[in-house]
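The values are calculated or read from the model by the stated rules, or taken from the named source; none is laboratory data. This structure is a prediction, so every number in the text was calculated from the model and none was measured. Glycine gets a Cβ as well: all are built from the backbone with ideal geometry, and neighbour counts include every protein chain shown. The protein model used for the area step is the full one, side chains on, heavy atoms only, and it has no ligands, DNA or RNA in it. Shrake-Rupley method; radii C 1.70, N 1.55, O 1.52, S 1.80 Å.
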Amino acid sequence: MNQRDPYVPKDELYDLAFDQFSRQYQAKLLIEAVRKDKRRLKILDVGGNNGRTRDFFPKDEVMVVDLYDIEEPGYTKASGLDLPFADASYDLTVCFDVFEHIEQKSRATFLAELTRVAKTGILLAAPFDTEFVADAEQELNQYYHRVTGSEHRWLKEHIDNGLPEQAEIESFFAEHKIEYEVYDSNN
C-alpha cells in the first residue's frame, strides 16, 4: 500500500469481510464529514459486540452495548430496547446489522431508544426488504442448510422477523420530526 487512507487507522482493517469494512468505512466518512471540530466524540454502538467501531474511531470514546456476558472496558450488557443511559448522553448512536434482528413489534421502541440517547444523530445500517434482498437471503439460507444440515442462525432471524422496510424507518423519523438521510451500502 503506497499511501494510507486517513479514514482507515489500522492496516488490519482492510482484512475485514468486505461488507463489515464498507459499512464501518462509510460510517467513518459520514461522521467525519459532519464532525464540527476536533473534539473527542462519545459514540454508542448498539449491538456492536465483535464490531470494529472502536478501531475506526480510536480517538473517540466508544461504548459498545450488546446482549452478551462480556467483561471489558467500554462494554455494557443491555438491550437496545431499554438502554441504561440518560437522554442525549452520547453524541452519536450507531447500529450496524442489528435492526433486522429486532421483532417488528419492537422496532419503533428500538428506534426511539437510539434517538433518545443521541445528542446529534444516529447512524443505522440494515438490509431492507426488497425482492432482491429477500430472495438472496432465502437462497443463501437454503444453501447453508444443504451444506451444514441446519439453517443459518442470523439469516433465519432475518426471515422470521421479516426484513425492515425503509418506509417504516422513514415514517418513524417523519412522525418524530427527525431529519434523516438515506445512503446505499452493499448490494
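Quick look at the numbers
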quantity	calculated
Rounded accessible area of L114 (nearest 10 Å², 1.4 Å probe)	0
Under 28 Å from the Cα of K156 - lysines, other chains or at least 8 residues apart	K77, K105
Normalised alpha carbon radius of gyration of region 83-165 [divisor 2.2 N^0.38 Å]	1.31
List H101, H176, ordered by accessible area with a 1.4 Å probe, largest first	H176, H101
Computed accessible area, H145, all protein chains, 1.4 angstrom probe, square angstrom	80
Accessible area (Å², 1.4 Å probe, nearest 10) - Y180	90
Choice from I43, I70, I159 with maximal GNM fluctuation in the chain (Cα, 10 Å cutoff)	I70
Alpha carbon convex hull of the chain, projected area averaged over orientations, nm²	12.3
Size of charge dipole - the chain - debye, nearest 20, with Cβ of Lys, Arg +1 and Asp, Glu -1, no other charges	880
Residues of the chain: accessible area per residue with a 1.4 Å probe, Å²	61
Region 89-170, dipole about Cα centre (Lys/Arg Cβ +1, Asp/Glu Cβ -1), debye to the nearest 20	360
Farthest positive-ward along the chain dipole, Cα basis, beta-carbon charges - from Y25, F132, P6	P6
Set of lysines with alpha-carbon distance to K177 below 20 Å, sequence-local pairs under 8 removed	K119
Pairwise centroid distance, computed over Cα atoms, of region 11-26 with region 122-166, Å	21
Percentage relative contact order, region 13-79, counting C-alpha pairs under 8 Å, at least six apart	24
Approximate shape of region 145-187 as ellipsoid semi-axes (Cα gyration tensor, √5λ), whole Å, largest first	32, 13, 6
The chain, relative contact order in percent, only Cα pairs under 8 angstrom and at least six apart counted	17
